[in-house]
Structures are given as structure tokens and as C-alpha cells.
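The values are calculated or read from the model by the stated rules, or taken from the named source; none is laboratory data. Nothing here was measured: the structure is a model prediction, and the numbers come from that model. Quick reminder, even Gly has a Cβ in these numbers, built from the backbone with ideal geometry, and neighbours come from all protein chains shown.
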Amino acid sequence: MSVSETSARAVPRSNRLVSILIFAVALALIFTTPFLPNYYVRVANSLLIYILLGTGLNIVIGYAGLLDLGFVAFYAVGAYTYGLLASPQLGLHLPFLLIVVIAALLGMLAGILLGVPVLTLRGDYLAIVTLGFGEIIRIVMNNVDWLTNGPKGIARLDKASIFGLPLATPVEIYWLLIVVVILTALIVWRMEHSILGKAWAAVREDQDAARGIGINTTNAKLAAFATSATIGSIAGVIFAASQRFVSPESFSLQESVLIVLMIVIGGIGNILGIVAGAAILILLPEVLREFAEWRILFLGILMVVLIIIRPAGIVPRSFGPDKLLRGLFGK
Amino acid sequence: MTLIFDHLRKQYGSHVAIDDVSTDFAPGMIHGVIGPNGAGKSTLINMTAGSYTVSAGSITLDGKRLDGKKKYEIANSGVARTYQNIRLFDQMTALENLEVCFYPTEGGGTWLEVLWPPYARVRSARRRAACMEILRFFNLEGYAGMEAGSLPYGRQRMLEIARALVMNPRVLLLDEPAAGLNHQETAELTSKLAELRSPDRIMIIVEHDMDLVMTLCDRIVVMHHGKLLFQGTPAQVQANPDVQLAYLGTSNDIDEIRNAAQNRRTELRIRARRRS
């Protein structure tokens, strides 16, 4: 049996049906949402931003197996980059795309800066140090008043635009997010299947054995931190551009925990899982808005139930984008 | 050019695990390292592969110092190893376990792979072909798509050796490759290892299975209490009274060595079964 024979194995009918259904529902949702009232579009935007954040953090947690609890720091870096470079705060009004590039580079730099000192740590120790890093960034933003306006935040951010195309209304931001999320998911998915993605998996499975086959684990982990931080930072820019306001309270520890929960509940290491996890954790509180003081309880119960019945997440690692695509186009 | 241990020493606090060992390993041969439990056999492997640091002395390969280098650097200078307790990447498929070995040489091209699919296809097809060939050699091609952790114990042992061979290493260190294998699997392993003998390759096998060591090895190094007790051909080792004494106390019956090995094999098998 050769490799080509194994990969060309017939796709089971049920798999094909599920794939087509998922794809159809996704397409329908993508194209109907912009015609709904603004409230729904705003919820969708928030969902898409969390999917973007989850996709980024998943590289570190799901692929490389490093529990990072300070991811929100990179989100903050991106948001404040936009806040400072496109507002009256410093009198700078740089174009949106240029800021995206600057924020991506700053995010990458922050990822490496965090990565270098914590690379020797694993598990609980890594989680605590990254948690601290996330809080440090928030507290710094809160206290360097002369630069960030402290807890009052930076208001009146510029309306974003790309080549004269305005990106200010929720619907415009929505389309930007759809494009960015799909592009990011594609790139991250291809990274997972690249040789670097395999090296990440090896680091996750057995770091010492990975070194034994010649993997420079420091470099592999730094690449994971840097890529994930870049995505987090870009999400931050879009968040700032859509709110046109940034303040430290958007970047609390709860945000980091929420993104980790999305990944764990949805399915670690699986982009489709992140979409599912984000949908539950972002949409459910909206649906349960009327039961305001009860919704944390609902969420808690849901989480306990999910962890009992689906410990590997709602969408297991085995049902990834490859399977979905094969179900759609496979022989 | 060879792998040379020069006055090698490993010390933990006041305990000396390896004491002034000097020897060398020539290519084209299979070298066995034997000795009672705690003699320092695995420590030698772990120091060579960079898992343990060297307390004193040196390890040189083809004139270049290995000791003091990082573990991954040692691996990239042509030293591959297996572990006493199998250490595969359990949640990756058998094929992926081998493919990932290309990261040190091809990892730099990751961005091109991500952004330019045709390039990725060509490279990954080439990697797969190379890895499938090795899997086929070990009769593992049927397991290519299965998670390594779900393979039967004997196949996992084989897969670990296959992984060590992907980069065509100059030095192949096998730490108890037959541990936990049954007779049939051990026979298969013995014949495969014999085929791996090549003029450029230095093969070192730490093993308790005397049948395997005596049939396979061209030269045997006997360790005892961290010291090098004797080195020579299998026949010389079997005839040497010091070796017999070290292994057996007073008796000079080679059958007792075999019994000891058999007991250990059973023990490991039970342990392996408990694990899975």
C-alpha cells in the first residue's frame, strides 16, 4: 500500500454529507449576516475577532503544546499600536495598512521578547509566567498616562480605510474580518501541515526526543510564539479600528482565559474546533442576555457537561479542515 | 576516523557512574556494550547523544568534539539514538514520526512551503517517499497512517529505530532495542540490524539479550561498576574469566547469563503490557 493509495481512500458518505452541510451553513451565515440589523453584525464581528485570536493562540497551545495565559498582551499591543498611530493622541494619522504591518512586526517582537525568557519553562510554570506578562502589559497601559491616557483610554481613533475603501461601519469591518479570518486560517492550516508544524507537534509530544532528532526546540518554540503573537496583534488593530476606542480594561486576564477556554472547549489543535468554541462562548452570553445574572451559571454548567461528554473538545482533532475539504472535493 | 571516548568520566555528587573509560568505535562494525545493571552502559549512550553532560574527558567524532555541544547539535552532526523506554511522538502517525526528522535540514523553507503550495507538494512528496522506503525496510508500511502510540509494542520498537535512521546517521546508538520483544520479534530485529551494518556507520548496541549481542556484534565492550572491564570479540568475551566473574559471581556458566537476560526480558514485557 503506497501513500497515494492511503490518501485517496474513498470518503465515507456520512463524512461527505456533514462536510457539505457545514460548508453550506457557513456560506449562508457569511452572506446573510451583513443584511441583519447592526446589533447582529456587531456580535458577528466580535465572534470573528475571537476566532482570529483563537487561531493565533492555538498555534502555541494546540500545536506546540505550550500553555500561554497571557495572549491578550499581544492583542493589546496591536490595539494600542492603532490607538497611538491613528488618533489625536500623538497627532499621528498613519494609513490603516501601514499600521497593520507595524503592529504585526511589534507583535512578533513582543512574542519573541516573551518567548526568550520563558522558553525553558513548561506546563504550570510557563502558564504562570505568561499570565504575569499579560498583566504587566495591561498595567503598563493603565499607568503610562502621558502616552496611553491611562484608564481613560484613547478615544476618537481614526476611521480606517484601505485604498480609499472605508472601513468604519460594522458591515465594512465585517467584510474585512471575514477576509482576514479566512486568510489567517488558511495560512495557519498550511503551517500546521508544513515541516515546522510537524516540528511543533514533536515538541509537544516529547521535547527531549525532539531534540534527539536534531530539532532546535528553542527556535521552533520561538517561531510558534512569534506567529501567534503576530496574529493576536493584527486582531488588536482590527478591534481598535472597529471600536475606535481603546482602554486597558479590554485586555484583562479574563480575555486570555476566555480564548484558552474557546480552544479547550472547541477542540485543541483544530481550527474548526476554535470556530465552534468561539461560537458557544461568544454567542451564548448574547442569547442569554435576558437572564443576565444566570448566564455565568449556564456557562459553567455547560462547560462541566461538555468536559464530561466531550473531553477532547466539541470538534476532535481528527475532524480538521483537511477532512472537511476532502469531504467536499475528495474522490 | 572513529568515535573516541577519551578518559571519560561521569559523576553525580560523590557517585561515579562512569570512571575513566577510554575506547574507540570504528565504522563498519557493530559494537555491543554489555554489563550488569548499573554498570553505566546507558550512561555512555546518554553522554554520547548529549542527554547527559560529561564530567571529565572527551568524546570526539571524526576529530570533532561532541561533548559540551547541545543535544540537537549532536544529533545534527550525525548521531542518532533510540531510548531504553520507547520515546516516540505518540499522537503523530508513524509516517509523521519519520517526516519530522527533516526539520533540521528543511525547516528553513517553511515560509515557502506555506505560501507556495506547489513547492510544498514537491518537498513533502520527496520526504514521504524517503520515509516510506525506511518504513518498508522495517515492514511498517501498513502502519504509516496510524498513530505511533497505538502501534503494538514490538512495532513501536522498530519504528523508533526507523526514526533514528531517517537522516542516515554516522553513529547509531541503540539502547536495549530488544527489551520487551518476544523471540520472533527479536529474531526479526537481529536480521534487520545486521542489514544496517554499513562501511560508514558506527553502530553501538547496549543490550541484555546475550544471544542477540553474541550473534550480531563484531566487538563487545564490557562495563562493570562504571569501568571498562574488557573489550574484544564475542569469543574473547565469552572466554574471559573476568567477565564471567563480573556477571556471575563465582559460576562460569554462560547459561546463567542467558537466564538473567531472559528474566529481564519477561520483566520488560510485563511492564510494556501494563503500559498499554
Inside region B:116-133, can you point out the residues that are more than 8 Å from chain A (Cβ to nearest Cβ) and farther than 17 Å from B:ALA94 by Cα? B:TRP116, B:PRO118, B:TYR119, B:ARG121, B:VAL122
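Per-residue answers, yes or no, for (1) modelled with pLDDT of 95 or more; (2) touching a Lys or Arg at 6+ places or on another chain (Cβ under 7 Å); (3) facing chain B (nearest Cβ under 9 Å); (4) buried (at least 19 other Cβ atoms within 10 Å of the Cβ):
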site: A:THR169; (1), (2), (3), (4): no, no, no, no
site: A:TYR174; (1), (2), (3), (4): yes, no, no, yes
site: A:LEU177; (1), (2), (3), (4): yes, no, no, yes
site: A:VAL181; (1), (2), (3), (4): yes, no, no, yes
site: A:HIS193; (1), (2), (3), (4): no, no, yes, no
site: A:LYS198; (1), (2), (3), (4): yes, no, yes, yes
site: A:ALA201; (1), (2), (3), (4): yes, no, yes, yes
site: A:GLN207; (1), (2), (3), (4): no, no, no, no
In this structure, is B:LEU159 in a helix (DSSP H, G or I) and more than 9 Å from chain A (Cβ to nearest Cβ)? yes
Since B:LYS10 meets every condition but one in (1) assigned to a strand (DSSP E or B); (2) within 16 Å of the chain's Cα centre (by Cα); (3) modelled with pLDDT under 95, which condition does it not meet? (2)
If I filter region A:212-228 down to residues being buried (at least 24 other Cβ atoms within 10 Å of the Cβ) and facing another protein chain (nearest Cβ under 7 Å), which single residue comes out as nearest to A:VAL60 (Cα to Cα)? A:ILE215
Within region A:22-43, which residues are in contact with a helix residue (DSSP H, G or I) (Cβ under 7 Å, 6 or more places away or on another chain) and without any contact (Cβ under 8 Å) to a residue 12 or more places away in the chain? A:TYR40
Within region B:49-66, the count of residues that are touching a helix residue (DSSP H, G or I) at 6+ places or on another chain (Cβ under 8 Å), crowded, with 16+ Cβ neighbours inside 10 Å and more than 9 Å from every other protein chain (Cβ to nearest Cβ) comes to 4
Residue in region A:258-271 that is surrounded by the most Cβ atoms within 10 Å (Cβ to Cβ), counting only those that are more than 16 Å from A:VAL304 (Cα to Cα) and of a type in the set (A, V, I, L, M): A:ILE259
Just to be sure I understand, how many residues within region B:134-156 are in a helix (DSSP H, G or I), of a type in the set (D, E, K, R) and within 11 Å of chain A (Cβ to nearest Cβ)? 2
Tally up the residues in region B:179-229 that are more than 17 Å from B:ASN139 (Cβ to Cβ), over 14 Å from the mean Cα position of the chain (by Cα) and among the small types (Gly, Ala, Ser), please. 3
Complete set of residues in region B:100-114 that are facing another protein chain (nearest Cβ under 8 Å), out of contact with any strand residue (DSSP E or B) (no Cβ under 9 Å at 6 or more places or on another chain) and not β-branched (Val, Ile, Thr): B:PHE102, B:TYR103, B:PRO104, B:GLU106, B:GLY107, B:GLY109, B:GLU113
Just checking: which of the helices (runs of 4 or more DSSP H) contained wholly in region A:1-107 hold 3 or more residues that are at pLDDT below 95 and within 14 Å of chain B (Cβ to nearest Cβ)? A:3-7
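Check whether at least one residue in region B:29-43 is in a loop (DSSP other than H, G, I, E, B) and at the interface with chain A (Cβ under 9 Å from one of its Cβ atoms), and report yes or no.
no
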State the number of residues belonging to region B:1-31 that are hydroxyl-bearing (Ser, Thr, Tyr) and touching a Lys or Arg at 6+ places or on another chain (Cβ under 8 Å). 0
Expected single match for of a type outside the set (A, V, I, L, M, F, W, C) and farther than 29 Å from A:ARG289 by Cβ among A:TYR50, A:TYR80 is A:TYR80
Provide a single number: the residues in region A:66-90 that are in contact with a Lys or Arg (Cβ under 8 Å, 6 or more places away or on another chain) and surrounded by fewer than 23 Cβ atoms within 10 Å (Cβ to Cβ). 2
Are there any pairs, at least 6 apart or on different chains, whose C-beta atoms fall under 9 Å, with the first in region B:67-90 and facing chain A (nearest Cβ under 8 Å) and surrounded by fewer than 17 Cβ atoms within 10 Å (Cβ to Cβ) and the second of a type in the set (Lys, Arg) and not in a loop (DSSP other than H, G, I, E, B), and if so, which? B:LYS70/A:ARG211
